[in-house]
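The structure appears right after this line, and notes come after that.
Read-outs throughout are calculated quantities, based only on the coordinates presented, and are distinct from any laboratory measurement. Model, not experiment: these values are computed from the prediction. No Cβ is skipped: glycine too gets one built from the backbone with ideal geometry, and neighbour counts run over all protein chains shown.
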DNA sequence: CGTGATCTTGAGGGAATTCAATGTCGGTGG
DNA sequence: CCACCGACATTGAATTCCCTCAAGATCACG
């Protein structure tokens, strides 16, 4: 356990239920920070200094290619941990999709903790393997057709939301497009098409109701 | 499929230069096995029991969707480690692309070693982060155009080959297509087009000579 | 209400796929 | 030795899917 003296004055000792995410003690020490919509949390190329936990809101990680194309690597919802990357520097940038509260934990504190506490080490490992699985399913999405990608994305978001058959999309169509490797128009048209096929309904642009999960699953390849 | 019974009698204590791959002691104990072209090394859904090091030949990991589409997750060349996955079960299958020799190491032996030897633990971590980076760049490939994917793939293979400007492709066009999320025809056409553009030459189907690496880089997005 | 941002819809074109045929290479048996 | 065969690769033609460019529609917010 770290001593009070070793921490900045504004540290909050926040206690959260860790069982749901399986990460326990890691997030028990950190600083709460707020980020406005579209605010940068960290930038590509910066040193990896912190681990982050989304308390409220949504975060996206992304990379911009030389020609301006943007690829979104992941969306992180409330409860998700992010910021742990391969190597010492961030290969992605992170931004708040909507106004967000994020618990910021010093990486060095975690690694110090992990060295002495095998439970923490295992939690770090769990976090990493979860990230690996996430990337694998992202790859499986990206090889599919537009309909399959969008259907798969909706199912993923539904699984990650509390109420699994009805939820709000925190991100714009552009964000979804950049996550799925499609254009904004294709995303929009595909959503409309899924609605016409009675697989979903879209009471408002950001609200999704799953009407026929089986049809969506079949569509998602 | 491997059985535990096949291991004890013929264990080889193999010593390899570990500096190049940064994995040192991990591969010092294991069993050498040979796999014929297209032979299965492990199957999707099987328990993760071993870690593997390619000694010679090439290995592919892949997943087959319900409708028969195959996605190749990665190619592993001589010197590469593979088989370490998120979770207790393999989410991909692994096959020999060409006749291959593979060093098979018990997972439990490695983890036992890692528990006592922090150097081994760090090597395991390095292996994992390398896998994360590989997946990230795979994702970045998959959002691009066919020309960019193929150009990027060739550059990747060149970097991983000894002679970086001229090399043999161990895998078929179908393998490349399934790795890049394209059809075999598109891969073939794109290679021909790159040759016509004087970026590469293809003395034989499996042989690639990089003629204009700058052009390829530009093409690869 | 206006104004800008976001989203949807339409028309047309281009890129990749599909279906089909031909070409090439390595191995095997006559 | 070489002719044949099967596997692999290339090429062609037509189609489909997604993108681009463009115009409206809707929504959030001052």
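Straightening the chain between residue A:107 and residue A:125 buys 5.1 nm, computed as 0.36 nm per residue apart minus the Cα-Cα spacing. The shape of chain B comes out prolate: with a ≥ b ≥ c from the C-alpha gyration tensor, a/c is at least 1.5 and a/b beats b/c.
Principal-axis analysis of the Cα atoms of chain B puts helix B:107-116 at an angle of about 70° to the longest axis. Shape call for the protein assembly as shown from the C-alpha gyration tensor, a ≥ b ≥ c root eigenvalues: rounded (a/c under 1.5), prolate (a/b greater than b/c) or oblate? Oblate. Distances from residue A:115 to itself in the other copies, using label points 7 Å out along the Cα-Cβ axis, amount to 2.2 nm in increasing order. Relative to the longest principal axis of the Cα atoms of chain A, helix A:184-196 runs at roughly 60 degrees.
Considering helices alone, the calculated mean residue ellipticity of the protein assembly as shown at 222 nm is -11000 deg cm²/dmol, with DSSP H runs of length four and up weighted by -39500 (n - 2.57) and normalised per residue. Across peptide A:33-42, the average count of Cβ atoms from other chains found within 10 Å of a residue's Cβ is 0. Sorted from closest to farthest, the other copies place their residue B:198 label points 6.1 nm away, with each point set 7 Å from Cα along Cα→Cβ. Its relative contact order, with pairs defined as Cα atoms under 8 Å and 6+ residues apart, puts chain B at 18 percent.
Of the residues A:139, A:200, A:208, the one that moves most in a GNM of chain A with alpha-carbon contacts below 10 Å is A:139. Largest GNM mean-square fluctuation among B:96, B:197, B:146, using chain B with Cα springs under 10 Å: B:197.
Given R₀ = 35 Å, FRET efficiency for residue A:69-residue B:89 by Cβ-Cβ distance, to 0.05? Once the sixth-power term is evaluated, E becomes 0.50.
Sorted from shortest to longest, the distances between the residue A:40 label points of this copy and the other copies are 4.9 nm, with each point 7 Å from Cα along the line through the beta carbon. Mean per-residue shielding of peptide A:131-139 is 6, counting Cβ atoms of other chains within 10 Å of each Cβ.
Please work out whether segment A:146-220 counts as rounded, prolate or oblate from its C-alpha gyration tensor, where a ≥ b ≥ c are the square roots of the eigenvalues and a/c under 1.5 means rounded, while otherwise a/b larger than b/c means prolate and anything else oblate? Note, shape of segment A:146-220 comes out rounded.
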